[in-house]
Amino acid sequence: PVLHADYSDPDVCAVGDDFYMTASSFNCTPGLPILHSKDLVNWTKHTAILDTAEVKWAKIAMWAPSVINKDGKYYLFFGANDVHEGEIGGIGVAVSDRPEGPYKDLLGKPLINEIVNGAQPIDQFVFHDADNDEYYMYYGGWKHCNMVRLNKDFTGLIPFEDGTIYKEVTPKDYVEGPFMFKKNGKYYFMWSEGGWTGPDYKVAYAISDSPFGPFNRIGEVLRQ
């Protein structure tokens, strides 16, 4: 194993010939890790790229961190706390001049705190649609998935063309962990299903002509 069982939700960012892996940290101790590799096989671990003391509102955990490279800056999106209605937490963003950090909290508060369409604000994935230079974020736990449109400096959300801020795009059997990539004009969407502590946990996928879906389940790409 590259990381021991205290970590989960790995994500890899490619920067030239270098690869950087982030992963969830339960109890925020000792902060988020990042690993560096040249070959995706041998990894060097750096800890606390985002110190918990830097994110004043993160108290319980940091979930599904992901690094995005934009305009010479590196942005780290993460979920924090186990958010329920009326509680502080949700999806945050931090920024650094280097992929390995250290990162600083960009907003000093969550980018998304509220529960919309039943989706707990965790497991965010930022997708850059290069064809129209738009940045969309897919996120959500509790069997609901939303997408939002990010502004150009990642400090806020902007409406879609129809004036809405949040769009629910939940596929059948969705639980959490959305992921998107684009190839040959098609949008490939993946998500987790089942119980994450049980033998039925798996990853399913859909293919669509639009980043908004519909995301009709085709099959599985990973199972225990």
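The values are calculated or read from the model by the stated rules, or taken from the named source; none is laboratory data. This one's a predicted model, so the numbers in the text were calculated from it and none came from an experiment. Here Cβ is always computed from backbone atoms with ideal geometry, including for glycine, and neighbour counts include all displayed protein chains. When the accessible area is computed, the model is the full protein with side chains, heavy atoms only, and any ligands, DNA or RNA have been set aside. Shrake-Rupley method; radii C 1.70, N 1.55, O 1.52, S 1.80 Å.
What to note about this one:
- Against the test of being out of contact with any helix residue (DSSP H, G or I) (no Cβ under 7 Å at 6 or more places or on another chain) and either of a type in the set (Asp, Glu) or open to solvent by less than 50 Å² (accessible area, probe 1.4 Å) (or both), the options 113, 69 yield a single qualifying residue, 113.
- Every condition in (1) on the phi > 0 side of the Ramachandran plot; (2) surrounded by fewer than 14 Cβ atoms within 10 Å (Cβ to Cβ) holds for residue 101 except the one numbered (2).
- Filter result for residue 9 (among the acidic types (Asp, Glu), open to solvent by less than 80 Å² (accessible area, probe 1.4 Å) and farther than 30 Å from residue 118 by Cβ): no
- Verdict on residue 106 being surrounded by fewer than 23 Cβ atoms within 10 Å (Cβ to Cβ), in contact (Cβ under 8 Å) with a residue 12 or more places away in the chain, over 23 Å from residue 201 (Cβ atoms) and in contact with a Gly (Cβ under 9 Å, 6 or more places away or on another chain): yes
- Of the residues making up segment 197-215, those that are assigned to a loop (DSSP other than H, G, I, E, B) and out of contact with any Pro (no Cβ under 7 Å at 6 or more places or on another chain) are 197, 198, 199, 200, 201, 209, 210, 211, 212, 213, 214.
- Counted residues, segment 10-65 - those being in a loop (DSSP other than H, G, I, E, B) and on the phi > 0 side of the Ramachandran plot: 5
- Meets criteria (on the phi > 0 side of the Ramachandran plot, open to solvent by less than 80 Å² (accessible area, probe 1.4 Å) and not aliphatic (A, V, I, L, M)) for residue 79: no
- Unmet requirement for residue 164, which otherwise passes all of (1) β-branched (Val, Ile, Thr); (2) crowded, with 24+ Cβ neighbours inside 10 Å; (3) more than 21 Å from residue 59 (Cβ to Cβ): (2)
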